[in-house]
Each structure stands twice: as C-alpha cells, then as structure tokens.
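A short worksheet on the structure shown next.
The values are calculated or read from the model by the stated rules, or taken from the named source; none is laboratory data. Worth saying up front: this structure is predicted, and the values here are computed from it rather than measured. As a convention, Cβ positions derive from the backbone with ideal geometry for all residues, glycine included, and neighbour counts pool all protein chains shown. Heavy atoms of the whole protein, side chains included, go into the accessibility calculation; ligands, DNA and RNA do not. Shrake-Rupley method; radii C 1.70, N 1.55, O 1.52, S 1.80 Å.
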Amino acid sequence: QVQLAESGGGLMKAGGSLGLSCSGSKRTFSSYAMAWFRRSPGKEREFVAAINWSGGDTYYADFVRGRFTISRDNGKNTMYLQMDNLKPEDSAVYYCAAVEDSGRALSDSEGRYDFWGQGTQVTVSS
C-alpha cells in the first residue's frame with residue numbers, strides 16, 4: 001500500500017502556469033508507475049499523463065502534450081506535473097494515481113491504477 005497526497009492547485013489565468021506535486025508515504029515509491037488524472041464537474045475522470053518507475057518513460061494525453069510535463073524524484077517520494085499555457089478547459093480536480101510497475105506499458109485506463117490521492121483543485125479563468 002502507498003498513501004498519496006496532491007498539492008499545488010489553485011487559481012490561474014489562461015496562459016499561465018501551475019506546478020502540482022504528489023507525495024507518497026511508502027519507502028518503495030520507486031517501484032510504482034504513476035499517473036495524473038483529472039475530473040471536471042459532471043464529468044468522469046480523464047487521463048492526463050503517466051510515468052514509469054524510473055521516470056525514463058512518459059505518456060501524455062493528446063490535449064496536454066507539449067503543454068504539461070510529468071516528472072518524479074524517487075529520492076523525495078514525489079511526482080510532479082508542470083502545467084504551462086493553461087486553458088479554461090484544464091479546470092478540474094487533479095488526482096495522483098499509482099500502480100506497482102512490473103514493466104507493463106504505461107496505461108491511460110483509470111482501472112489500471114490501484115492507489116489514489118484525494119485530489120487538488122485547479123481553476124483556470126478566461
């Protein structure tokens with residue numbers, strides 16, 4: 001088991017930037033592939049980005065590729081999402097997710113991930 005907690009959400013004008021962090025409670029943080037999902041009111045959670053255990057492999061949703069960057073620092077038990085050129089449609093609660101990385105390809109499926117944080121709110125104004 002790993003306990004996850006997101007931070008860094010807030011208000012930002014369109015075109016601005018925000019950085020999100022996800023901190024894990026377990027020493028074996030580096031054994032997990034991790035991902036960011038987001039959920040807007042009235043919508044189901046959608047995939048944003050994923051990263052393998054070492055940070056050497058990443059996978060992005062088409063709508064954020066070129067704007068968002070996912071990274072991790074296993075020594076600090078932390079995953080990071082740098083969000084640049086934000087758009088109003090990026091407004092959502094952003095969730096951190098994790099699954100033990102056995103070498104499988106990174107997934108954009110919510111059902112693939114076993115552990116979830118509580119989420120952090122991102123609001124982008126026009």
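See the values below:
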| read-out | value |
| --- | --- |
| Mean separation of Cα contacts under 8 Å (6+ apart) over length of region 4-55, as relative contact order % | 27 |
| Region 50-83-region 29-45 distance, computed between alpha-carbon centres (Å) | 12 |
| Proximal lysines relative to Lys26, as straight alpha-carbon distance under 18 Å, when same-chain residues fewer than 8 apart are discounted | Lys76 |
| Heavy-atom SASA rank of Glu100, Glu110 (probe 1.4 Å, accessible area, largest first) | Glu100, Glu110 |
| Relative contact order %, the chain, counting alpha carbon pairs below 8 Å whose residues are six or more apart | 36 |
| By accessible area with a 1.4 Å probe, ligands and nucleic acids excluded, highest first: order of Arg45, Arg39 | Arg39, Arg45 |
| Kirkwood Rh and Cα Rg combined as Rg over Rh, evaluated for the chain | 0.94 |
| Nearest-10 value in Å² for the accessible area of Asp84, using the 1.4 Å probe | 60 |
| Cα centre as origin, Lys/Arg/Asp/Glu Cβ charges: region 1-45 dipole, Debye | 60 |
| Protein accessible area in the chain, 1.4 Å probe - carbon and sulfur % | 45 |
| Size of charge dipole - the chain - debye, nearest 20, with Cβ of Lys, Arg +1 and Asp, Glu -1, no other charges | 220 |
